[in-house]
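The values are calculated or read from the model by the stated rules, or taken from the named source; none is laboratory data. What you are looking at is a predicted structure, and each value in this text was computed from that prediction instead of being measured. Here Cβ is always computed from backbone atoms with ideal geometry, including for glycine, and neighbour counts include all displayed protein chains. Heads up: the accessible areas ignore ligands, DNA and RNA and are worked out on the full protein's heavy atoms, side chains in. Shrake-Rupley method; radii C 1.70, N 1.55, O 1.52, S 1.80 Å.
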Amino acid sequence: MKMRHFSMFANTSGLKPSATVIFFHGIGHSGAATMKWIHDLLGRDLKFPHIQIMYPTAPLQSFTPLKGELSTVWFDIEKLAIDSKENRKSITNAYDHVNKMIKNEMMQGIPINRILVGGFSMGGTLALHAAYHLNPNLGGVFVFSSFLNYDSIVYESLRKMTGTTLPELRMFHGSKDEIVPIKWGRDSFDKLQTFGVKGTFKIMPNKKHVLSKIGLEDLEEWISKKLVPLT
């Protein structure tokens, strides 16, 4: 299926941006819904004077866990389980979309090390692929309630990157997540660390499969440190 996307933007007070954050949504959501969700939690947009934040929307495509019904998903999966086999053919289609977005930002003058990628649930998984399989020169990656399959191609790529300085990782996970158990997120984080990924695993106490205000405030602070204004 040809990949199409629609993006929502939280822009930069009219200033020319010197950095970009790309936030990928979860299964069945949209960029607009994610932007509103963040606004509702914080009481305001996630916004920086010098950073453009992009909220792309995945295409409608057949989704196996929904018995083939169409859903806005970045790629197809057999089932939502860490031991499920990764659908590499489907996720490769998503790579074209991710690479195009990053290339477009670079064509606008944004250095790749000033581009952060992240997301919620499946969007976070796509961000992990973007940073540790496709573009290890990115400035960083953040994920909420996400994981990598045991057989993920990301681990295969990292085995070949010995000695490479990799993007910093910020992972958030609800302690009571019933859809993506925190054990899956922790397992993925620990395995990434064995390949040289440095970062932090943040537990969101008493939270289920959600974004949270405390997590977003922590993310906001982290982004501010990673993408300081250029003088």
Options Ser188, Ser152, Ser121, Ser146: the member that is touching an Asp or Glu at 6+ places or on another chain (Cβ under 7 Å), under 21 Å from His25 (Cβ atoms) and not charged (D, E, K, R): Ser152
Scan of the stretch 183-227 for residues that are open to solvent by less than 80 Å² (accessible area, probe 1.4 Å), in contact with a helix residue (DSSP H, G or I) (Cβ under 8 Å, 6 or more places away or on another chain) and of a type in the set (A, V, I, L, M), ordered by number: Leu192, Val197, Met204, Leu211, Leu216, Leu227
Criterion: in contact with a His (Cβ under 7 Å, 6 or more places away or on another chain) and at pLDDT 95 or above - qualifying residue of Phe142, Phe120, Phe147: Phe120
Of all residues in the stretch 98-121 being in a helix (DSSP H, G or I) and open to solvent by less than 10 Å² (accessible area, probe 1.4 Å), the one that is nearest to Thr72 (Cα to Cα): Val98
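Just to be sure I understand, how many residues within the stretch 62-97 are open to solvent by 50 Å² or more (accessible area, probe 1.4 Å) and assigned to a helix (DSSP H, G or I)? Show your work before the answer.
Just the residues of the stretch 62-97 that are open to solvent by 50 Å² or more (accessible area, probe 1.4 Å), to begin with: 62, 64-67, 69-70, 78-80, 83, 85, 87-89, 92-93, 96.
Adding the requirement that they be assigned to a helix (DSSP H, G or I) leaves 64-66, 88-89, 92-93, 96.
Residues flagged as open to solvent by 50 Å² or more (accessible area, probe 1.4 Å) and assigned to a helix (DSSP H, G or I) within the stretch 62-97 amount to 8.
Just the residues that are open to solvent by 40 Å² or more (accessible area, probe 1.4 Å) and more than 24 Å from Thr64 (Cα to Cα), please, taken from the stretch 33-49. Lay out the reasoning, then the answer.
If we filter the stretch 33-49 for residues that are open to solvent by 40 Å² or more (accessible area, probe 1.4 Å), which is where we start, we get 33, 36-37, 39-41, 43-45, 47, 49.
Residues satisfying the conditions are Lys36, Trp37, His39, Asp40, Leu41, Gly43, Arg44, Asp45, Lys47, Pro49.
I'm checking my understanding of the structure. Among residues of the stretch 17-32 that are in a strand (DSSP E or B) and either among the aromatic types (Phe, Trp, Tyr) or free of Cβ contacts under 8 Å to residues at least 40 places away in the same chain (or both), which one is surrounded by the fewest Cβ atoms within 10 Å (Cβ to Cβ)? So that I can check it myself, show each step before the final result.
Let us first name the residues in the stretch 17-32 that are in a strand (DSSP E or B), namely 19-24.
Checking which are either among the aromatic types (Phe, Trp, Tyr) or free of Cβ contacts under 8 Å to residues at least 40 places away in the same chain (or both) leaves us with 23-24.
Details: Phe23: 26, Phe24: 31.
Filtering the stretch 17-32 for residues that are in a strand (DSSP E or B) and either among the aromatic types (Phe, Trp, Tyr) or free of Cβ contacts under 8 Å to residues at least 40 places away in the same chain (or both), the one surrounded by the fewest Cβ atoms within 10 Å (Cβ to Cβ) comes out as Phe23.
Would you check which residues across the stretch 186-202 are among the β-branched types (Val, Ile, Thr) and over 17 Å from the mean Cα position of the chain (by Cα) and list them?
Step one: of the stretch 186-202, the residues among the β-branched types (Val, Ile, Thr) are 194, 197, 200.
Within the stretch 186-202, Thr194 is the sole residue that qualifies.
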Number of the condition not met by Leu230 [criteria: (1) without any contact (Cβ under 8 Å) to a residue 60 or more places away in the chain; (2) touching a strand residue (DSSP E or B) at 6+ places or on another chain (Cβ under 9 Å); (3) surrounded by fewer than 16 Cβ atoms within 10 Å (Cβ to Cβ); (4) hydrophobic (A, V, I, L, M, F, W, C)]: (1)
Residue in the stretch 41-49 that is at pLDDT 95 or above, part of a helix (DSSP H, G or I) and of a type in the set (A, V, I, L, M, F, W, C) present: yes
Residue list for the stretch 172-197, filter: closer than 19 Å to Gly140 by Cβ and touching a residue at least 40 places away in the same chain (Cβ under 8 Å): Phe172, Gly185, Ser188, Lys191, Leu192, Phe195, Val197
